[in-house]
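Here the structure comes first, spelled out in structure tokens, and everything after it is commentary.
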Amino acid sequence: MATRKKPAFYALPGTKRWQDYLNLFHVPYTLWHLGYVVLGATIAPTVHVDRLLGTLLAFFLAVGIASHALDELHDRPLGTKIPSAMLVSLAAVSLAGAVALGIVAGFLESRWIFAFVAFGGFIAVFYNLGLWRDRFHSDLWFAFSWGAFPVLTSYWVNASRLDVAVVIVAVGCFFLTLAQRTLSTPVRTVRRKAVSVEGHIDLANGERIELDSERIIEVPERALALLGVAIVVLAAGLLTYRLQTQ
């Protein structure tokens with residue numbers, strides 16, 4: 001029989017209120033997502049540090065806080081005790097802040113940014129609340145919205161255009177995010193839904209490997225953690241290079 005597990009490998013196990021709020025940020029995945037924002041800026045002809053910082057803040061508000069608050073409000077995947085009213089407030093204020101930053105950028109740089117702002121606000125609400133019969137709550141929409149979209153947006157903010165190079169990078173991040181989803185989905189099932197896990201693997205040499213929930217999720221979770229670190233380090237390295245050479 002399986003013991004009660006943490007809802008995510010990075011979740012703090014305690015019951016204190018601050019731990020619930022920290023868990024709500026899904027820190028490794030938020031940093032991974034923000035890494036894509038940095039990647040989009042680093043391939044632009046010029047990296048505008050002020051624009052990059054504003055874009056990072058906007059995506060942190062929209063995804064790190066608002067999207068995760070709406071996701072928790074929808075079906076409590078983390079099992080936090082944060083009041084629903086607080087989750088609604090966090091989502092509304094954070095999303096409004098992200099939209100406001102986008103509107104300011106649109107007036108200062110290019111009106112086309114409004115299209116990115118509109119899509120970002122739309123997908124944050126519709127995906128995480130499962131609206132329109134979950135039509136936008138799919139692996140493909142997740143990979144585009146949380147992988148390709150931040151790359152395209154960040155590039156546009158810095159370059160005021162799109163080109164072949166950024167589309168290729170965005171496609172690469174799309175598949176990286178799809179890989180993330182492929183690894184994390186079965187892990188979440190075991191952690192959050194499985195009551196018991198039983199089985200074994202018989203090897204050709206006669207050895208038997210007993211399977212339990214820990215053994216099943218150990219490798220994909222290690223891969224997720226390593227991929228998250230890799231994306232952040234890669235983005236930081238490319239940004240450092242660009243700032244030194246431009």
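Coordinate-derived values only; no laboratory data. Note that the structure is a prediction, hence the values are computed from the model and not measured.
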Check: In terms of modelled amide H atoms, which long-range or inter-chain residues lie less than 5 Å from the amide H of V197?
Finding: A2, S213
Next item on the list: Identify which of I201, I123, I231 has the largest mean-square fluctuation in a Gaussian network model of the chain, with springs joining Cα atoms closer than 10 Å.
Entry: I201
Margin query: Quick check: from the Cα gyration tensor, does region 5-96 come out rounded (a/c under 1.5), prolate or oblate?
Written below: prolate
Item checked: Inter-part distance where region 9-43 and region 80-116 are each reduced to a Cα centre, Å -> 18 Å
Checklist line | For region 9-18, Karplus couplings with θ = phi - 60° (6.51, -1.76, 1.60), whole Hz, Gly/Pro x | finding: 5, 9, 6, 6, x, x, 10, 6, 4, 5
Check: Which whole-Hz couplings ³J(HN,Hα) result when phi for each residue of region 96-112 is put into the Karplus expression 6.51 cos²θ - 1.76 cosθ + 1.60, θ = phi - 60°, listed in order with x for Gly and Pro?
Finding: 5, x, 5, 5, 4, 4, x, 5, 4, 4, x, 6, 7, 10, 8, 5, 4
Check: What list of ³J(HN,Hα) values in whole Hz, one per residue of region 146-155 in order, does the Karplus curve 6.51 cos²θ - 1.76 cosθ + 1.60 (θ = phi - 60°) give from phi, with Gly and Pro shown as x?
Finding: 9, x, 6, 4, x, 5, 4, 5, 5, 5
Item checked: All-pairs alpha carbon distance profile, the chain, 10 Å steps from 0, percent -> 7, 29, 34, 19, 8, 3, 0
Checklist line | the chain - mean residue ellipticity at 222 nm from DSSP helices (-39,500 (n - 2.57) per run, n ≥ 4, rounded to 500) | finding: -22500 deg cm²/dmol
